[in-house]
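Read-outs throughout are calculated quantities, based only on the coordinates presented, and are distinct from any laboratory measurement. Please read all numbers here as calculations on a predicted model, not as lab measurements. Methodologically, a virtual Cβ is constructed for each residue, glycine included, from the backbone with ideal geometry; neighbour enumeration extends over all protein chains shown.
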Amino acid sequence: MAKIPSSMLPLGTPAPHFSLLDVVSGQTITMNGQQQWPISVIMFICNHCPYVKHVNHELCRLSNEYKLKGVQFIAINSNDIESYPDDSPENMKEIALLHHYPFPYLFDETQEVAKAYQATCTPDFFVYDKNNTLCYRGQLDDSRPGNNIEVTGDSIRLALDNMLANKPVSTHQKPSLGCNIKWK
């Protein structure tokens, strides 16, 4: 397993716009700067990555808990499916249904969205406020496959809790680590 860190896009960066297909519902999901959600969490994940498999249960738990507080979660797979057919839209739908993903799972076929977000690894997380301004980017928590640290989502939870309480989010943020996005 290669460990590739997040690019750590500068805080305050506006959310890039996109319109991508949700492989489960068949609906197009759009992020265009006119969100109805006070907080949006954009997650770059995929099916085959051991780092994503390691945190899948927490992604679901976190999303189920925080969507009740008005937080939107969106997962995006930008991997090249020619080289990694496990990450195809058909397999994405299968994984989403298997794990009961409570968030849309979007396919970024052109990889333009991953490039716009400067996503580098799976998983990679970006949290935006109601003004679509980047407030958090980096890791879910300190757990990694094989390090025997419990998966809790505490890094993102702290950022979300502060944002929901209108408190500042610490600028001391750790990059995520995971498999590199599989570029074409």
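Please verify whether Ile81 is over 19 Å from Pro14 (Cα atoms), without any contact (Cβ under 8 Å) to a residue 40 or more places away in the chain, part of a loop (DSSP other than H, G, I, E, B) and in contact with a helix residue (DSSP H, G or I) (Cβ under 8 Å, 6 or more places away or on another chain), treating the condition exactly as stated. When the stated conditions are applied, Ile81 passes them. Taking every residue in the stretch 24-43 that is of a type in the set (Gly, Ala, Ser) and pairing it with any residue that is in a loop (DSSP other than H, G, I, E, B) and surrounded by fewer than 17 Cβ atoms within 10 Å (Cβ to Cβ), at least 6 positions away or on another chain, the pairs with Cβ-Cβ distances below 7 Å are Gly33/His17. The numbered conditions (1) surrounded by fewer than 21 Cβ atoms within 10 Å (Cβ to Cβ); (2) closer than 16 Å to Leu140 by Cα; (3) touching a helix residue (DSSP H, G or I) at 6+ places or on another chain (Cβ under 9 Å); (4) in contact (Cβ under 8 Å) with a residue 60 or more places away in the chain are all true for Glu65 except (4). Within the stretch 122-138, the set of residues being more than 10 Å from the chain's Cα centre (by Cα) and not β-branched (Val, Ile, Thr) comprises Tyr128, Asp129, Lys130, Asn131, Asn132, Leu134, Cys135, Tyr136.
Scanning the stretch 68-78 for residues that are closer than 22 Å to Tyr117 by Cα and either among the acidic types (Asp, Glu) or in contact (Cβ under 8 Å) with a residue 60 or more places away in the chain (or both) returns Val71, Ser78.
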